[in-house]
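The values are calculated or read from the model by the stated rules, or taken from the named source; none is laboratory data. The structure displayed is predicted, hence computed values, not measured ones. We place every Cβ from the backbone using ideal geometry, glycine too, and count neighbours over all the protein chains shown.
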């Protein structure tokens, strides 16, 4: 039975802000009377995460992903609900808890700008009280895995975004955290850097059984890393499960793409299935999952001048988009 | 012309939002004035005298100094420096608007706002402390005073605008800006009345425009100086010179400007 | 055990502060120059005043210099060790405070020592030089100087605590209004006014005010008075009392701040 590392029950967080209207006259009015408005960022969110899981949080901007992570890191205190990470209530900010997790925010730079990453690593070592031996082992392993040994003594401001991100990652893993919270870790990075980081996280998670919670805009991050995905919209969880089940629930169809050697008339194809798209020498069929094998067999056995046939999923992005527009 | 008026208006709006700032500055200057008030009063009470100043003149001096500081002083150098350093100057340069006009309108907005807000408080202070001060003003004095304050403000603005522009070459303005502020505060008479300083400093000050920012206007106000047109002509010449320098510096600096950051 | 860890972190951050400064050498030297000018002005002011009189609210020229020197040293330490607690300003503005809150080290401690301007050690050094010069011109025996200096060190430490706590209080509270840069000037000006002996306030209400709510008296005048004139029980007790109250108060205010402050983004 796998250990429950994170347990979240009914977490709710509201925040208030003042309505600001344009114009000089309104600025004067605001001196005396301001309208206070509320927004519920996180609304009764509940979920559990087991040891070694990598869970992806997906959702539009302002959906509540970052706020949830901040509550689990102890930065914010919820208005309602409870949560336990490694047995601790995060917002009590106990030192024993803080030594066991790490938070990496993709858009915020924690390293000293004018100094080499190594200096920031050493500072973290002091702050987290990492013994010399452990520090050296971790550092060597991380530098090798992320291939950054040639840049750790260059000032951070001279590094590329990808190198900076990798250094930030090293800095947060030096104290061997059991839980890793990642907020948009690959944002703004080029494709190669993104892949490097994804591969690294997957390997690291396998080796160390670190529990990882990750928020991202990029579907590739989620698909590559997470077996489980939680979709948040307007502060509420609207899906929590595996990506496969997601597809089955919201994508009951698969796509069959057929390429032809000769021109084919459209009405000849209608008997094989629902036509999604029709072009010269190409047609896309939308077929329910369990009917795909039969449909493909029928097409291949027919008189159609088939050059090639392709069976694929409806792309995940449009599935997600569909969920949100519901 | 309308666009500059709009900038001025939004500058005032900004000031309204940062009202905590406004009251903090007022509190600070009144506090500082209070300390100097007691400093001079306690000295004169025990029979001392500073230079050829009477207590009333000295207290008036510091009262007006603090008032002028509130109205005239702005963070032009900082603002310009940041816009160069962070590259936000680019967005203004791309528009059909003169950068100088933009900065000038913004600062004017600050001054209009400060002038309005702080005049009320200082008027109150003046009335409250009437017994200590012995102010006698005639129309000519008032005219000269207001004119010299305006000219002094112009000199302050242009000088620190140029300091801000040095960011084109220095990359960073805070150390230099800080040093310049110190020096100018001293040479303009904000710290001690200029005529109390050693001879050689007074001589140096004579060659520089700074005394027209604080010392001359206050001397006019306290009637310690003869009213001649020179008092207004000289600072006006300084403004012209500084303006021309600023245009040259800006032209040269823009060439170096990479629009980096942002 | 914990103390050792905190001390190590402190040293490390100060080392980082120096390295950061060295990255921009020109600025470092300009900054020292600017600080030097400010120091000069403080001294010139006192000189000019004493050029006309020989008594400032009962303080002689050299005694007044002791106050200025104390102020210089306190300001110097506030800048070089704590960066005037300005890290809280920049961190909140750039949203970097989150990164410090989650660390297993006391947050107020971390924010306090995160920044520091090494060039302000010039103030400390000048202060030491100035105080030596002033003391040598006062008619005190070596024994008296030694005794007074001993007490002075404690009162100096209290003055630092008070100045630090006041800075934390003002800057933390300012963020409840989430606005611009005024608070920087508040504490800066308050400190600057502490370089004048608080005996100048001849109205007793004001005297009480500057000895309690805005304890200018204990920030420089009191330590200087004891050093220059000798033992004074009430002043010493007052110094410890005010320091204690302000320090505890600042910690309380800072710990409330997070809950009020860290709203969602």
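Worth a mention:
- The residues of region B:133-173 that are surrounded by fewer than 18 Cβ atoms within 10 Å (Cβ to Cβ), assigned to a helix (DSSP H, G or I) and within 14 Å of another protein chain (Cβ to nearest Cβ) amount to a single one, B:169.
- Residue list for region C:49-59, filter: free of Cβ contacts under 8 Å to residues at least 40 places away in the same chain and either farther than 13 Å from residue B:48 by Cβ or more than 9 Å from chain B (Cβ to nearest Cβ) (or both): C:50
- Qualifying helices (runs of 4 or more DSSP H) (wholly inside region B:185-262; at least 1 residues being within 18 Å of residue B:51 (Cβ to Cβ) and touching a helix residue (DSSP H, G or I) at 6+ places or on another chain (Cβ under 6 Å)): B:199-207, B:215-221
- Exactly one residue out of C:87, C:69 is in contact (Cβ under 8 Å) with a residue 24 or more places away in the chain and within 17 Å of residue C:20 (Cβ to Cβ): that is C:87.
- Identity of the residue in region A:92-117, surrounded by fewer than 18 Cβ atoms within 10 Å (Cβ to Cβ) and in a helix (DSSP H, G or I), that ends up nearest to the other protein chains (Cβ to nearest Cβ): A:95
- Any hit, region C:15-38, residues being surrounded by fewer than 18 Cβ atoms within 10 Å (Cβ to Cβ), touching a residue at least 60 places away in the same chain (Cβ under 8 Å) and away from chain B (no Cβ under 14 Å): yes
- Of all residues in region A:118-143, those that are more than 27 Å from residue C:18 (Cα to Cα) and either at the interface with another protein chain (Cβ under 10 Å from one of its Cβ atoms) or surrounded by fewer than 20 Cβ atoms within 10 Å (Cβ to Cβ) (or both) total 6.
- Every listed requirement among (1) closer than 18 Å to residue A:59 by Cβ; (2) without any contact (Cβ under 8 Å) to a residue 24 or more places away in the chain is met by residue A:266 save one, (1).
- Flag if residue B:178 is in contact (Cβ under 8 Å) with a residue 60 or more places away in the chain, surrounded by fewer than 23 Cβ atoms within 10 Å (Cβ to Cβ) and either over 21 Å from residue B:247 (Cα atoms) or out of contact with any strand residue (DSSP E or B) (no Cβ under 6 Å at 6 or more places or on another chain) (or both): no
This table checks each residue for (1) modelled with pLDDT of 90 or more; (2) closer than 21 Å to residue A:133 by Cα; (3) assigned by TED's automatic domain parsing to the domain that holds residue A:142; (4) surrounded by 20 or more Cβ atoms within 10 Å (Cβ to Cβ).
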residue: A:173; (1), (2), (3), (4): yes, yes, yes, yes
residue: A:179; (1), (2), (3), (4): yes, no, yes, yes
residue: A:186; (1), (2), (3), (4): no, no, yes, yes
residue: A:189; (1), (2), (3), (4): no, no, yes, yes
residue: A:194; (1), (2), (3), (4): no, no, yes, yes
residue: A:199; (1), (2), (3), (4): yes, no, yes, no
residue: A:202; (1), (2), (3), (4): yes, no, yes, no
residue: A:207; (1), (2), (3), (4): yes, yes, yes, no
residue: A:213; (1), (2), (3), (4): yes, no, yes, yes
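- Number of the exception - residue A:269 against (1) more than 30 Å from residue A:70 (Cα to Cα); (2) surrounded by 17 or more Cβ atoms within 10 Å (Cβ to Cβ); (3) in contact with a helix residue (DSSP H, G or I) (Cβ under 8 Å, 6 or more places away or on another chain): (3)
- Which listed residue is buried (at least 19 other Cβ atoms within 10 Å of the Cβ) and part of a loop (DSSP other than H, G, I, E, B), from B:53, B:118, B:62, B:38: B:53
- Enumeration of residues in region A:128-158 that are within 25 Å of the chain's Cα centre (by Cα) and touching a residue at least 40 places away in the same chain (Cβ under 8 Å): A:145, A:146, A:147
- Residue in region B:82-93 that is surrounded by 21 or more Cβ atoms within 10 Å (Cβ to Cβ) and touching a residue at least 24 places away in the same chain (Cβ under 8 Å) present: yes
- Options C:168, C:208, C:161, C:124: the member that is away from chain B (no Cβ under 13 Å) and within 18 Å of residue C:39 (Cβ to Cβ): C:124
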